[in-house]
Amino acid sequence: RRRNRTASSNRRSRWESGGEPSVIVSPPGSGIGLLLGEVIATAGLIFVIEYLVSKEKTEIAPIIVPAWIGSAYFFTSSTSFANPAVTISRTLSDTFAGIAPSSVLGFFVAQVIGALVGLAAYRVYDSK
């Protein structure tokens, strides 16, 4: 039994034949949209934590905090670092969620601003 190998053996991907890939994924930089996403993700995280602590509901924090971060992953363009330790670790990643080491300072500043915004927002919320 002879198989027709001509069609399948002649097919090579563009990548294998030396062509350029169709899609190139590169790590995010530090554009204003990414940094604004970090401010929002961090502000929300701080707001959630402040709320849980003030209402003495810290026993549900292990559910609520990851739920916030998980959802922020999808609604922010930065994929929600919201934490300086995570920001540093993402410089070591060569994936779509990684960042260039030169972008760390911008993310740190955005996270500090986000923390201050989240704290201020909670204080406004709690004062009513």
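What number comes out for the charge environment of LYS57, summing +1 per Lys or Arg and -1 per Asp or Glu over other residues with Cβ under 15 Å away?
-3
Work out how much length ARG123 to ILE32 would gain on full extension: take 0.36 nm times their residue separation and subtract the Cα-Cα distance, in nm to one decimal.
Difference between extended and current length: 30.1 nm.
Calculate the spin-label point distance for LEU116 paired with ILE88, positioning each point 7 Å from the Cα along the beta-carbon direction, and give it in nanometres.
Label-label distance for ILE88 and LEU116, simple model: 2.3 nm.
According to a simple spin-label model (label point 7 Å from Cα along Cα-to-Cβ), what is the distance in nm between GLU59 and LEU105?
Result: 4.7 nm between the two label points.
Using a 1.4 Å probe on the protein chains only, how many percent of the accessible area of region 61-113 belongs to carbon and sulfur?
77
If you take every residue apart from GLY114 with its C-beta less than 14 Å away from the C-beta of GLY114, what net charge results, scoring Lys and Arg +1 and Asp and Glu -1?
Cβ neighbours under 14 Å give a net charge of -2.
The values are calculated or read from the model by the stated rules, or taken from the named source; none is laboratory data. Predicted model only: the values in this text are computed from it and were never measured. Note that we place each Cβ from the backbone using ideal geometry, even for glycine, and neighbour counts take in every protein chain shown. Only protein heavy atoms, including side chains, enter the accessible area calculation; ligands, DNA and RNA are left aside. Shrake-Rupley method; radii C 1.70, N 1.55, O 1.52, S 1.80 Å.
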